[in-house]
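Peer 1: Quick one: structure below, then a few questions.
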Amino acid sequence: MGAFDQTVLPLKKEKRTMKSKEGKCVIAMSSMTYALRAEGLLKGDGLYTRIIKLPQGKTKKGCAYGLELPCAFARQAILRLEKEGVRHGDLLS
């Protein structure tokens, strides 16, 4: 299993996809390159995300893209990205 411990992800080999009833958060990313890198890294850990285009002015740093994921996994995802040196912006909810 990847960086997400068993207390968070189920033991079964099922995909963690976003369901409409789960709260969604967005991790702002400065470029499509970083967004793709982050998406691949988290997917390898069993967390499926979606890259979205952010509206202009949505973040202080002017990030253009975001990685949408369930809010329940946002903090762990950020820690994983930081551990791997993937730059990111604000967490938007």
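The values are calculated or read from the model by the stated rules, or taken from the named source; none is laboratory data. Predicted model only: the values in this text are computed from it and were never measured. Please note: Cβ atoms are built from the backbone with ideal geometry, for glycine as well, and neighbour counts cover all protein chains shown. Each accessible area value is taken on the protein alone, full model and side chains, heavy atoms only, with ligands, DNA and RNA left out. Shrake-Rupley method; radii C 1.70, N 1.55, O 1.52, S 1.80 Å.
Peer 1: Considering 63, 25, which residue is at pLDDT below 85, under 21 Å from residue 93 (Cα atoms) and touching a strand residue (DSSP E or B) at 6+ places or on another chain (Cβ under 8 Å)?
Peer 2: On the way: 25 fails: at pLDDT below 85.
Result of the check over 63, 25: 63.
Peer 1: Provide a single number: the residues in region 50-88 that are open to solvent by less than 60 Å² (accessible area, probe 1.4 Å) and touching a residue at least 40 places away in the same chain (Cβ under 8 Å).
Peer 2: The qualifying residues number 15.
Peer 1: Within the set of pairs 6 or more residues apart or between chains, which connect a residue that is of a type in the set (Val, Ile, Thr) inside region 37-49 to a residue that is surrounded by 15 or more Cβ atoms within 10 Å (Cβ to Cβ) and part of a helix (DSSP H, G or I) with Cβ atoms less than 7 Å apart?
Peer 2: Once the first residue is of a type in the set (Val, Ile, Thr) and sits in region 37-49, its partners that are surrounded by 15 or more Cβ atoms within 10 Å (Cβ to Cβ) and part of a helix (DSSP H, G or I) give 49/39; 49/42.
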